[in-house]
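One structure is given here, and the rest of the page talks about it.
Rule-based calculations on the coordinates, nothing more; no lab input. Every value quoted in this text rests on a predicted model; they were computed, and no experiment measured them. Note: ideal-geometry Cβ built from the backbone for every residue, glycine included; neighbour counts use all protein chains shown.
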Amino acid sequence: MGKKHKLKDSSYKYPINILFNLLGNKQINEDTNLMDILSRTFQIATKPLQLIQAKLDGMDAEARAQFKGPQLPVIPDRSLKQIINILIADECASKVFQQTISSIQNLSVLENAKVVFPRELSKNATSLSKTIATDLRELIKKLQSTTDFSDDSSIPALTKFSSGSSDQAKLLRVLTALDYLFKINDKTNMDSAEAKELKELYKNSALGPLWGALSDCLRILTNRDDLTQIATILSPLIEALMVVCKHSKVESIPIRDVLKYEEKVRDFSSEPIESLFFSFTEEHKTILNQMIRRNPKLMSGPFSVLIRNPKVLEFDNKRIYFDQKLHAGDTQRQGLSITISRDQVFLDSYRALFFKPPELIRKSNLEIHFRGEEGVDAGGLTREWYQVLARQMFNPDYALFTPVASDKTTFHPNRTSWVNPEHLSFFKFVGMIIGKAVYDGFMLDCHFSRAVFKQMLGRSVSLKDIESLDLDYYKSLVWMLENDITDIIVETFSVETDDYGEHKIIDLKENGRDIAVTEENKQEYVKLIVEYRLKTSIKDQITNFLEGFHQIIPKDLVSIFDDQELELLISGLPDIDVDDWKNNSNYVNYSASSAQIQWFWRAVKSFDQEQKAKLLQFATV
């Protein structure tokens with residue numbers, strides 16, 4: 001009977017179906033080496049299918065009917081189901097998985113595969129998620145009732161998650177296969193038919209209860225210091241969630257529009273994907289950051305989706321992602337020799353680098369030589385060069401920057417830098433050098449106003465940013481907003497300047513010099529004067545500065561940081577003397593001997609360098 005069946009089945013005229021029959025052999029399925037060979041054979045054998053389909057797609061119906069070349073094979077549904085079963089096998093090595101994924105993509109051109117693959121993957125995801133959710137609930141009960149966690153074996157329920165053949169590992173493979181099957185990437189329209197079908201499959205897979213159970217489990221792990229290491233074991237399950245969330249609309253939702261996390265227990269089992277990503281990552285950001293620190297490679301995989309909600313990632317983990325992306329594809333870097341004089345570091349460096357292609361500068365290892373001095377640059381001379389160059393950027397002779405009123409070591413672009421004929425190319429060079437230092441991992445002793453860092457990130461400035469530039473002027477603007485200015489302030493929508501003996505009146509809006517500032521329009525006036533002081537008056541300077549910086553550092557990549565983190569990225573962590581900070585602090589409604597103040601300084605001394613730096617930035621902004 002079996003022979004007759006084969007003769008009647010037209011699919012058997014295609015040799016590839018003989019290969020599919022081998023998947024039913026238990027000895028092959030249980031042998032990793034044989035599965036590696038077989039999955040590789042499938043990958044090679046199915047590779048031409050995409051080319052055949054592309055050729056057929058380029059023909060009209062008549063040409064296709066007369067075509068005598070290779071045709072797509074007939075592969076029965078049962079065979080297609082067998083290749084999906086590789087993903088849920090107990091033994092599915094990484095190489096076998098990747099080769100099977102390629103085969104699934106190649107086979108997806110077949111009409112029946114377009115139905116069978118999504119259906120089978122979704123069905124497997126549903127089955128696995130139900131089992132895992134049950135196992136998680138059992139694990140939660142054990143975690144709540146067990147006190148000794150010295151050894152993972154003390155929690156039998158944990159063994160279901162700790163092996164490579166675990167259901168969570170299988171679920172991750174299945175969901176990743178769905179991801180590859182639909183070929184959806186960051187550029188895909190999330191309202192496209194493919195994206196909608198994929199999200200519907202996720203919905204039909206009934207993953208909600210699984211995410212709810214996972215969140216409940218992570219909540220317990222976060223609240224117990226002796227349990228945080230267990231979260232690493234659940235990493236595949238969290239990665240599976242990230243794969244699903246990657247295809248929600250998280251990328252198109254502005255962070256400012258996301259509901260702020262509230263301290264309450266959320267029902268993740270029924271929450272839609274669009275908000276699930278934000279609420280889940282907000283609530284569990286502590287344990288997610290701990291996991292990334294233990295395994296930085298996570299940020300090069302599914303965990304990279306966390307960057308779409310950058311406020312949940314701590315600075316060190318953002319920097320891990322930033323460095324991985326910045327240096328992705330780096331090859332052997334050639335040396336770029338530069339010889340400069342110590343008394344002309346800025347000008348010599350400008351002449352040596354500014355006119356070279358940005359890509360050459362970015363990819364080269366700088367080899368610094370000081371004229372008249374012997375020595376080979378093994379990194380020390382380059383570090384010294386950066387330090388000297390950073391100081392000379394602010395040399396008043398170049399008229400590029402002026403110190404802010406509140407801090408002589410923090411600088412803002414000089415709006416009258418045009419007195420230097422080369423000022424715009426110098427600004428571009430400064431931006432390029434800062435970008436190169438970041439690319440090469442060197443810290444620069446250069447601190448800019450908050451408004452500069454914000455514009456480097458493409459973010460809007462605010463009235464608060466005036467405070468560090470000119471405290472008295474900031475207070476006057478705040479007073480204007482908070483009080484009735486009728487018959488008190490006589491101003492127009494204009495600014496008067498005296499630059500090198502030249503008097504000018506600059507309108508903040510059309511005919512601004514003829515429009516009086518009143519109680520009714522003072523909000524608009526403050527907005528425009530802030531824009532002028534922080535942006536408009538230095539527009540050309542900032543434009544060139546950013547052009548140089550973004551020639552080295554991609555704009556989209558650096559945008560994951562906030563303005564304070566960007567300063568840490570450029571200038572590094574300062575050596576903060578807490579005792580000096582304490583001795584120079586002023587208190588309002590408190591004294592140095594107040595209990596609350598004592599507690600505060602005790603807490604500050606327990607902080608690491610990054611925490612101290614962020615606190616100091618917050619206190620001085």
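Okay, here's what the table says:
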| item | result |
| --- | --- |
| Most to least packed among 396-408, 424-436 [average Cβ atoms within 10 Å] | 424-436, 396-408 |
| Coil-residue trypsin sites (Lys or Arg not before Pro) of region 450-520, DSSP, other Cβ within 10 Å capped at 16 | Arg459, Lys509 |
| Angle in degrees between helix 522-534 and the longest Cα principal axis of the chain, rounded to the nearest 10 | 90 degrees |
| Built amide H within the under 5 Å cut-off of Thr410, gap 5+ | Val404 |
| Per DSSP, loop chymotrypsin sites (Phe, Trp or Tyr not before Pro) in region 330-393 with at most 15 further Cβ within 10 Å | Phe355 |
| Rounded to 10°, Cα long-axis angle of helix 193-204 versus longest principal axis of the chain | 70 degrees |
| Lysine pairs with alpha-carbon atoms under 18 Å apart, region 335-449, spacing 8 or more or separate chains | 4 |
| Relative exposure of Met35, Met456, judged by other C-beta atoms within 10 Å (fewest first) | Met35, Met456 |
| Value of relative contact order over the chain, rounded to a whole percent, pairs C-alpha under 8 Å and six or more apart | 9 percent |
| Dipole magnitude of region 335-449 about its Cα centre (Cβ charges: Lys, Arg +1; Asp, Glu -1), debye to nearest 20 | 360 debye |
| Fewest-first sequence of Asp445, Asp135, Asp472 by Cβ atoms within 10 Å of each Cβ | Asp472, Asp445, Asp135 |
| 0 to 90° range, to nearest 10: angle between helix 285-294 axis and the chain longest Cα axis | 80 degrees |
| Additional length obtainable on full extension of the chain from Thr486 to Thr543, 0.36 nm per residue less Cα span | 16.7 nm |
| 5 angstrom amide H check on Asn309, placed H, neighbours 5+ away | none |
| Linear extension gain, Glu502 paired with Asp445, 0.36 nm per residue minus alpha-carbon span | 17.0 nm |
| Hits among lysines - C-alpha to C-alpha of Lys13 under 17 Å, sequence gap 8 or more where chains match | Lys3, Lys4, Lys68 |
| Cα centroid separation - region 208-226 against region 477-509, whole Å | 57 Å |
| Vicinal HN-Hα couplings computed from phi for region 75-80 (Karplus, 6.51 cos²θ - 1.76 cosθ + 1.60; Hz; Gly/Pro x) | 10, x, 4, 4, 6, 5 |
| Karplus-derived HN-Hα couplings along region 537-551 (A = 6.51, B = -1.76, C = 1.60, θ = phi - 60°), whole Hz, x at Gly and Pro | 5, 10, 4, 5, 4, 5, 4, 6, 4, 5, 4, x, 5, 6, 5 |
| Spacing of the two label points (7 Å from each Cα toward its C-beta) at Ser163 and Lys509, in nm | 7.2 nm |
| In region 478-542, chymotrypsin sites (Phe, Trp or Tyr not before Pro) in a DSSP loop with at most 12 other beta-carbon atoms within 10 Å | Tyr500 |
| Value at 222 nm in deg cm²/dmol, rounded to 500, when DSSP H runs of n ≥ 4 in the chain each add -39,500 (n - 2.57) | -16500 deg cm²/dmol |
| Amide H partners (placed H, <5 Å) of Ser494, local residues excluded | Leu508 |
| Length-normalised contact order for region 335-449 - Cα pairs under 8 Å, 6+ apart - percent | 24 percent |
